[in-house]
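The values are calculated or read from the model by the stated rules, or taken from the named source; none is laboratory data. Please read these numbers as outputs of a predicted model, since none were measured by experiment. Cβ atoms come from the backbone with ideal geometry, glycine included; neighbour counts cover every protein chain shown.
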Amino acid sequence: MTSEKDLVDAARRLLGGLQALFDAAVLAVAQRCSAGSGRLDAAALDAAQGVSYELAWASAELLAVRTVLQAPAPAGLDRALALLFATEAMRSVQGRLDAVAIDADLDATPLHAWAADPQWPALRRAAAGPAALTAATRALAAAESEIGPVAVSEEVAMARDAFHRFGVDVVAPLAAAIHAQDLTVPETILGPLREMGVFGLSIPHEYGGSAPGQHDDTAMMIAVTEALSEASLGAAGSLITRPEILSRALLAGGTEEQKQHFLPKIAAGEPLCAIAMTEPDHGSDVASLALKATRVPGGWRLDGAKTWCTFAGKAGLLMVVARTDPDRAAGYKGLSILLVEKPSTEDHAFDFQPEGGGRLRGKAIPTIGYRGMHSYELAFEDFFVPDSHVLGGEAGLGKGFYFNMAGMVGGRMQTSARATGVMRAALREALRTTQDRKVFGQLLIDFPLTQARLAQMAARLAACRQTAYAVGNRLEAADGRIEAAQIKLLACRSAELLTRDALQLHGGMGYAEETPVSRYFVDARVLSIFEGAEETLALKVIARGLFEKAIA
């Protein structure tokens, strides 16, 4: 392999073989979990959690490899990063499939034959060897263009640039103080964002937003989220996730009267929104949610607790997933969505007693990072919600799970963009520090190990960016539920890894709170937990979806 074209061709051929081995492993495990019945068995799936988890991760890595190899850049740094990521990810998938073969007692001979292909070590040397890593890092240090470029419309590009400038000029100067002092996102950030229309990006024009037709512009949402997250995850990057989830749920199941009433207000950012779904004993297990909604004349009474309700203090509108069917055996079919209005406050605790009776108390949960928006514990006590605020009205009872899932796909795409935004910030700081810091009389960036780390960081960022946009574009034409979960899984773990490496490259100062990279590190840790914990996504969404498709 003497040319970059030869490397790409070899990588694509090897990917094809690895994909076939992966598909065979998925089919074998799916058949064991269905016992030939054509339907997956819950107990068998639980017993196969280990291999299912590995297959889910392998699927996410393969998705990203397919993306970067589908239409790699013609030459230079971008192509080098694509080949580097493809090589590293295929090596990871090879290891995962080997573990699956051992744990599930599958024939590993075809996998060993794939690894014995002489083009595999040749590709690894050429794309991920020391010389390639050094060349990529030198090009990275000299590059003035963005890492992992993606083709977007002129409108999206203009918005991305505008929000990037806003992040640099307004958000970033406030981010350190918001984190260190555990402040609530101030109006100096929220006010201009309202004027820029950020809260209406997923709301159609007819309801006061800027989205075309009945669908939001996913590329626009990714671009804006990424730009704001690069400035600060806690102070800006997550502000539009909750409005999007609620807006998608309203568009999916709300009555026309509810859409006309709530959507223009959400688009204007008055009120701000929060999502009350997670409960203390159930986490991501939505079907087991237990917050009780009891029917009374004219509405419902809420009793129970929610937790990890982000921005619940500042928010004036809560999307509450409650159990309106008292029969717990109904599972997710007994859930509905109630829209709760409350006063906005910047306090870390509140106690609201509405005219309709009852009480809603909230208390912010101290966290190591992701400060600014604050996540709250909520306690509902005989809290009255009128019938007009049941999403979908009488016809929406028992459909809350489906309405919620309509919003969560977009939320997971946004979380992927939040992850790439944090990665961009961390890589920028790592490049700056390694070009300024000297150790043992030599610039840190001149050491081969540093070069390897920086190149791998950049390759991972580029792959996650390109895959997020690619999946986002496909959401407009298809369901995309599994792919949205796959890129969320990969991008969020990648943000943890990349910010960890960026902090490490700072040495002792990386651990100091005054250094931005320490904030990126603790902020990134939450990404694999919210909008679907990675274990739940891997087992319940990705692996299950792969198995269902395999035996269909």
Exercise. Out of the residues in segment 137-153 that are β-branched (Val, Ile, Thr) and in a loop (DSSP other than H, G, I, E, B), which is farthest from Ala426 (Cα to Cα)?
Worked result: Val152
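Please go through segment 502-521 and give me each residue that is polar (S, T, N, Q) and in a helix (DSSP H, G or I), ordered by number.
Residues satisfying the conditions are Gln504, Ser518.
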Exercise. If we keep just the residues of segment 308-361 that are part of a loop (DSSP other than H, G, I, E, B) and of a type in the set (Val, Ile, Thr), which is farthest from the chain's Cα centre (by Cα)?
Worked result: Thr324
Exercise. Which residue, of Ser232, Ser202, Ser210, is of a type outside the set (D, E, K, R) and within 28 Å of Pro516 (Cα to Cα)?
Worked result: Ser232
Exercise. So which residues in segment 362-396 are among the aromatic types (Phe, Trp, Tyr) and assigned to a strand (DSSP E or B)?
Worked result: Tyr376, Phe380, Phe383, Phe384
For this session: Check Ala227, Ala223, Ala267, Ala274 and return the single one that is touching a residue at least 40 places away in the same chain (Cβ under 8 Å), surrounded by 21 or more Cβ atoms within 10 Å (Cβ to Cβ), touching a His at 6+ places or on another chain (Cβ under 6 Å) and closer than 30 Å to Ala162 by Cα.
Result: Ala227
Problem set entry | From the options Ala462, Ala470, Ala491, Ala485, residue that is touching a Lys or Arg at 6+ places or on another chain (Cβ under 7 Å) and among the hydrophobic types (A, V, I, L, M, F, W, C) | Ala485
Exercise. Among the residues of segment 37-50, is there at least one that is of a type outside the set (A, V, I, L, M, F, W, C) and under 24 Å from Trp114 (Cα atoms)?
Worked result: yes
For this session: Would you mind finding the one in Leu45, Leu63, Leu40 that is in a loop (DSSP other than H, G, I, E, B) and not small (Gly, Ala, Ser)?
Result: Leu40
Exercise. Across segment 182-241, which residue is modelled with the highest pLDDT among those that are part of a loop (DSSP other than H, G, I, E, B) and within 18 Å of the chain's Cα centre (by Cα)?
Worked result: Ser232
For this session: Pick out the one residue from Arg39, Arg32, Arg125 that is of a type in the set (Lys, Arg), over 27 Å from Gly480 (Cβ atoms) and surrounded by fewer than 16 Cβ atoms within 10 Å (Cβ to Cβ).
Result: Arg125
Problem set entry | Among the residues listed as Met405, Met423, Met413, the single one being surrounded by fewer than 20 Cβ atoms within 10 Å (Cβ to Cβ) and among the aliphatic types (A, V, I, L, M) | Met405
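So is Asp107 under 30 Å from Ala142 (Cβ atoms) and either crowded, with 18+ Cβ neighbours inside 10 Å or free of Cβ contacts under 8 Å to residues at least 60 places away in the same chain (or both) or not?
Judged against the criteria, Asp107 is not a match.
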For this session: Taking only segment 115-131 into account, find how many residues are assigned to a helix (DSSP H, G or I), farther than 19 Å from Gly17 by Cα and without any contact (Cβ under 8 Å) to a residue 60 or more places away in the chain.
Result: 3
Exercise. Which of the residues belonging to segment 409-432 are touching a Ser or Thr at 6+ places or on another chain (Cβ under 7 Å), over 11 Å from Gly237 (Cβ atoms) and at pLDDT below 95?
Worked result: Gly410, Gly411, Met413
Seminar exercise, completed: Within segment 355-378, the residues that are of a type in the set (A, V, I, L, M, F, W, C) and surrounded by 17 or more Cβ atoms within 10 Å (Cβ to Cβ) are Leu360, Ala364, Met373, Leu378
